[in-house]
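These notes concern the structure reproduced below.
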Amino acid sequence: IAGITQAPTSQILAAGRRMTLRCTQDMRHNAMYWYRQDLGLGLRLIHYSNTAGTTGKGEVPDGYSVSRANTDDFPLTLASAVPSQTSVYFCASSPQGTGNPPSRRYFGPGTRLTVL
Amino acid sequence: LAKTTQPISMDSYEGQEVNITCSHNNIATNDYITWYQQFPSQGPRFIIQGYKTKVTNEVASLFIPADRKSSTLSLPRVSLSDTAVYYCLVGDYSSASKIIFGSGTRLSIRP
């Protein structure tokens, strides 16, 4: 079982270009998340999806969009990349997005993105 | 939204017990306390979660006093491989956006 896969592993991108980061999970989890982690800092939530067909905004959604057409895939798109979006991007999933006790989150290996 | 405060960094030696304390003075009734571990160049990994008193699993123990305004992650007999960043999260999972990762505690284990 792969868990969560992310692609690409790393990417260097020119400013102004469009980029889609891919995330796929094979655990049939309802909820999925995108985080960014800047050097030496914690993770900040960009967007989330509690179930297929729904999405929500996190702490830092500006400049990013997501879609959740099915349970397994949760792509993150940068419509026009800017240097401040240089970061490591982590995708995560959890069995449930709501309710207590909280479901633990399973993280992917990350995508290192550099925008020049 | 309960804010958490943890030490920025800690050092210890192999074989020692390490305790990392997290303060969350504004914790709400429905909030749970969750700890994650992150190794360099990897995504965070769930360690332990609790609501009150003490929780223990094969990796760590979590101590939560009665007032729940703080919690302590205890790692028994650490090894070099426990060198990582540890995050304390407090929140009500009714909405994913309420769960915030802080800057974490950078734990360094020496031989």
- [ ] Could you pull out every residue, at least 5 positions away or on a different chain, whose amide H is within less than 5 Å of the one on B:I100? Hs are placed 1.01 Å off N in the peptide plane, and Pro or chain starts have none.
- [x] B:V90
TODO: Pop out the carbon and sulfur fraction of the accessible area of the protein assembly as shown as a percent, whole number, probe 1.4 Å.
DONE: 50
Task: Residues of the range A:49-64 buried by at least 20 Å² on assembly (accessible area, 1.4 Å probe, chain alone as reference) - done: A:E59
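How much net charge surrounds B:N26 when only the other residues with a Cβ under 13 Å from the Cβ of B:N26 are counted, with Lys and Arg +1 and Asp and Glu -1? Can you show the working numbers first?
Working: positive: B:K3, B:R68, B:K69, B:K98; negative: B:D31, B:D67, B:D92.
Residues close to B:N26 contribute a combined charge of +1.
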TODO: Enumerate the amide H contacts of A:R104 below 5 Å, restricted to partners 5 or more residues apart or on another chain; note that Pro and chain-start residues carry no placed amide H.
DONE: none
- [ ] Compare each residue of the range A:83-102 in its chain alone against the assembly with all protein chains, and report those whose accessible area goes down by 50 Å² or more; 1.4 Å probe, heavy atoms.
- [x] A:N100, A:P102
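Looking at the P(r) of the protein assembly as shown, how many percent of alpha-carbon pairs lie beyond 29 Å?
28
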- [ ] Pick out which of B:S81, B:S70, B:S41 has the largest mean-square fluctuation in a Gaussian network model of chain B, springs linking Cα atoms closer than 10 Å.
- [x] B:S41
Open item on the list: To make sure I understand the rule: partners must be aspartates and glutamates, Cα under 18 Å from the Cα of B:K52, and not fewer than 8 residues away in the same chain. Which ones qualify?
Closed with: B:D31, B:D67, B:D92
TODO: Taking H placed 1.01 Å from N in the peptide plane, check which residues at least 5 places from B:Q16 or on another chain put their amide H under 5 Å from its amide H.
DONE: B:V78
TODO: Obtain the nm distance between the two label points defined at B:S79 and A:D73 by a simple spin-label model: each point lies 7 Å from its Cα along the Cα-to-C-beta direction.
DONE: 4.0
TODO: Using only Cα atoms, figure out Rg for chain A and give it as a multiple of 2.2 N^0.38 Å.
DONE: 1.00
- [ ] State, in square angstrom and to the nearest 100, the accessible area buried between chains A and B, both chains counted, probe radius 1.4 Å.
- [x] 1900
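For the protein assembly as shown, what is the accessible area per residue in Å², given a 1.4 Å probe and the full set of protein chains? Each step should come with its number before you reach the end.
Working: 10790 Å² over 227 residues.
Heavy-atom accessible area per residue stands at 48 Å².
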Open item on the list: Spelling out what I want: for every residue of the range A:36-47, take phi, set θ = phi - 60°, compute 6.51 cos²θ - 1.76 cosθ + 1.60 (Karplus), and round to whole Hz; glycine and proline get x.
Closed with: 10, 10, 8, 3, x, 10, x, 8, 10, 6, 9, 9
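The values are calculated or read from the model by the stated rules, or taken from the named source; none is laboratory data. As the structure is a computational prediction, the values presented were derived from the model and not from experiment. FYI the Cβ positions are ideal-geometry reconstructions off the backbone, even for glycines, and counts take in every protein chain you see. Only protein heavy atoms, including side chains, enter the accessible area calculation; ligands, DNA and RNA are left aside. Shrake-Rupley method; radii C 1.70, N 1.55, O 1.52, S 1.80 Å.
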